[in-house]
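Notes for the one structure printed next.
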Amino acid sequence: MKNISMCNKHFSFLNLAGLVVLLAATASLAAPAVDWDSVPAILARIKAPEFPARDFNITTYGAKSDGKTDCTEAIRHAIKACHEAGGGRVVVPDGTFLTAAIHLQSGVNLHLADTATLKFIPEPKRYLPLVRTRFEGVECMNYSPLIYAYEQKNIAVTGKGMLDGSATWENWWHKVVQGKDTNSPRSGQLLMSYGERGTPVAERIFGEGHLLRPNFIQPFRCQNILIEGVTITNSPMWVINPVLSTNITVRGVKVTSHGPNNDGCNPDSSRDVLIEDCLFDTGDDCIAIKSGKNADGRRINVPSENIIIRNCTMRDGHGGVVLGSETSGGVRNVFAEDCVMDSPNLDRALRLKTNAERGGPIENIFFRNVKVGRVAHSVLTIDLVYWRVVSGPFPPTVRNIEMRNVTAASSPRALWVVGTTNSIIENVRVIDSVFKGVEGPDVLTHSGSIRFENVTVEPVKPR
């Protein structure tokens, strides 16, 4: 083991008794079966779909770029024609086009010109009829996501244009699940009760009269997905949310969306995912990897796995790279590298969050070569009592977590690790890292086995 590089004055910032126990506990840990050498095989499976050289301009089907004409039907007809011809690009040319829900079909690349804007109509009734979707980890029948695909192959959203969800507090954002509506119980509680009872998904009817907002882009049970180049703003809910899907590339996307629950990219029970060269400036987590919530997540029982995140920039958000909180199907084999995270409104760099009602193993998480500026809470957070749930029948397991070559300029603490007496946290390693401007002690409660190798912690300098 390498020396832990800390000056004497730093020791007041550590839980020394816990540190000794944690260091001793690492002696018997086995070498991980999954590591960075696993990445090339994952990348070899992730291949962006290709499309025939055929264009279907939406203006040919009646769309007008005045920002006032409803182009929903014109876009639908263009997508249908493209799909029936065997695939190609549905082109949104320069200008502003007003639309409601867009449903992609196999073989269709929805392509936005450089100065094109798709502006979505902020009227909930325009996202009917209801579709099968997943809301915060529980399946239901709800408003259509703004861009949706169900059981399709080879689909894409590309180009340098803008996707504007038009969400504001006056239309979508006030519909938060914690708020009151005309139903009893509240929408979120009702959905959870359906999940816990195993109510058939077809009978979990939401939409009008309820408060479950749609996500922006949701491929559901799809294969071979590309989202590239576009700028996305003003989302009602989560922004990019592939569910139960495989072979996904998210590249060069800019997400600047600050509404409630405006997570940037949420792979959800999805496999073989590449997220690279993206910017996330969000009202919630920048990237949050999920796999279903509580009983409904265990019913489906599909993990999110084999996810590579690289060369991304994270600004505002609750966390840069986040696992959870919906983890009932498990999360494994996540690799994040060469990212920059810096904002006084970014709370954490790497965050794991779950609890004993959700369960699900979180394992093989690797985080390296990340430059962190200011974070408002901690650099690494492992929170197994999320939403203050300290007990339950499904205690979570966290194992084989590595943070290597991470630098941070300023934070209240380096680590915040809170487990429970029956949860498992094992083989967490912080290696070759420097945490400067640390304002106070780490929080380590039921924190399992954590190893530090060549870690420097520098307290904030007194003024």
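The values are calculated or read from the model by the stated rules, or taken from the named source; none is laboratory data. Note that the structure is predicted; figures quoted are calculated from it, not measured. Positions of Cβ are generated from backbone atoms using ideal geometry, with glycine treated the same way; all protein chains shown enter the neighbour counts.
With the structure loaded, tell me whether Ser166 is at pLDDT 95 or above and within 24 Å of the chain's Cα centre (by Cα) or whether it fails that test. Yes: the conditions hold for Ser166. Looking only at segment 246-260, residues that are within 19 Å of Phe220 (Cα to Cα) and either in contact with a His (Cβ under 7 Å, 6 or more places away or on another chain) or polar (S, T, N, Q) (or both) come to 3 in all.
Scanning segment 347-356 for residues that are surrounded by fewer than 24 Cβ atoms within 10 Å (Cβ to Cβ) and outside any loop (DSSP other than H, G, I, E, B) turns up nothing. State yes or no: is Asn400 in contact (Cβ under 8 Å) with a residue 40 or more places away in the chain, closer than 14 Å to Gly448 by Cβ and not aliphatic (A, V, I, L, M)? So Asn400 fits the description; yes. Checked against the criterion of being assigned to a helix (DSSP H, G or I) and either in contact with a strand residue (DSSP E or B) (Cβ under 8 Å, 6 or more places away or on another chain) or modelled with pLDDT of 95 or more (or both), the candidates Leu212, Leu226, Leu191 yield just one match: Leu191. If you go through segment 85-125 and keep only what is aliphatic (A, V, I, L, M) and part of a strand (DSSP E or B), you end up with Val90, Val91, Val92, Leu98, Ile102, Val108, Leu110, Leu112, Ala116, Leu118. Scanning segment 52-65 for residues that are farther than 18 Å from Arg126 by Cβ and either part of a strand (DSSP E or B) or touching a strand residue (DSSP E or B) at 6+ places or on another chain (Cβ under 6 Å) (or both) returns Pro52, Arg54, Asp55, Phe56, Asn57, Ser65. Restricting segment 186-230 to residues that are more than 27 Å from Leu163 (Cβ to Cβ) and among the acidic types (Asp, Glu) leaves a set whose member that is surrounded by the fewest Cβ atoms within 10 Å (Cβ to Cβ) is Glu203. If the condition is being at pLDDT below 95, assigned to a helix (DSSP H, G or I) and surrounded by 15 or more Cβ atoms within 10 Å (Cβ to Cβ), then segment 25-51 contributes Ala25, Thr26.
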